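Read through the structure below, which is laid out as structure tokens, and then see the notes.
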Amino acid sequence: METIRVLIADDEKEIRDLLKTYLKRECYEVDVAVDGEDALRLFEQNHYHLVILDVMMPKIDGIEVCRRMRNHTNVPILMLTAKDLEGDKILGLSIGADDYITKPFSVNEVLARIKAMLRRFLVLGSESRSDEQSLIQFKGLTIDLKTYTVTAGGQEISLTAKEFELLKFFASNPGQVFTKTQLFRNAWSDQYIEDDNTVMVHIRRLRKKIEPDPSDPQFIQTVWGIGYKFVGEKDADR
């Protein structure tokens, strides 16, 4: 089995050392970066299964590092910040971060989130599914669970791991209405945090990527006062 490799980028030595110690106890290989330039250099040189980014880093901040990484990878990205500001959180999620945690944090909570993110990312890429089970298909939209790819309007669409998980959950339950809390708990698997903005940001990003007209969505529809539902017409040719 391939060893899990994680990149930690944080300018605080205590944070880097703490996370590295606990992750190595889980038998992960861990590299550390002290600033944004260092993080991008290591990222270009190595293959990682998960990246942990501090928002406030010297040279290049974590938001910009995340943006650049997202041009090349769909691996899970966890953002760390000392700020408990809603705007920073929404910005991080909007440019491709999968999850967000505020300092000071519980190491056990961080580990739980990391394991959940890795489990989803690695299992979704598993080839253990049969061909019949690997495709979810609607007119204008195909979700391939084996190759971890999505095709919308005849074009392959790049999704983050979290976006893919949310879309997969929606498409696996067409017509069913879900509250934001239900979506968070099912797609994030974290019941100790309920964040409406996290769900809304990811749905907005998904709509921009898969909908022919994001302002008038045909797949992910809002049910006012309740939440969202997925509406798709099964492809009769499949």
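The values are calculated or read from the model by the stated rules, or taken from the named source; none is laboratory data. All figures in this text were calculated on a predicted structure; none of them were measured in a lab. Every residue, glycine as well, gets a Cβ built from its backbone with ideal geometry; the counts of neighbours run over all protein chains shown. Surface areas here come from the heavy atoms of the whole protein model, side chains and all, with no ligands, DNA or RNA. Shrake-Rupley method; radii C 1.70, N 1.55, O 1.52, S 1.80 Å.
Observations on the structure shown:
- Scanning the chain for DSSP H helices at least 24 Å long along the axis (C-alpha atoms) with a Kyte-Doolittle mean no lower than 0.0 picks out 107-124.
- Using C-alpha pairs under 8 Å with a sequence gap of at least 6, the mean separation divided by the residue count of the chain gives a relative contact order of 14 percent.
- Length gained when the stretch Lys103-Asp144 is fully extended (0.36 nm per residue, less Cα-Cα span): 11.1 nm
- Dipole moment magnitude, nearest 20 debye, the chain about Cα centre, only Lys, Arg, Asp, Glu C-beta charged: 420
- For a straight C-alpha distance cut-off of 29 angstrom, the lysines reachable from Lys234 (same-chain residues fewer than eight places away being disregarded) are Lys139, Lys146, Lys162, Lys168, Lys180, Lys208, Lys209.
- Calculated log₁₀ intensity ratio I(q)/I(0) where the Debye formula runs over C-alpha points of the range 3-122, q = 0.22 Å⁻¹: -1.41
- Once the chain from Asp17 to Ile90 is taken as fully extended at 0.36 nm per residue, the excess over their C-alpha distance is 23.5 nm.
- Per-residue [θ]222 nm for the chain (sum of -39500 (n - 2.57) over DSSP H runs n ≥ 4, rounded to 500): -12500 deg cm²/dmol
- Note on surface exposure: Lys115, Lys180, Lys234 rank Lys234, Lys115, Lys180 by accessible area, highest first, 1.4 Å probe.
- Spatial extent of the chain: Rg and Dmax, with the Cα atoms as the point set, Å: 18.0, 57
- Over the range 158-228, the Kirkwood radius and the radius of gyration, each from Cα atoms, give a ratio Rg/Rh of 0.93.
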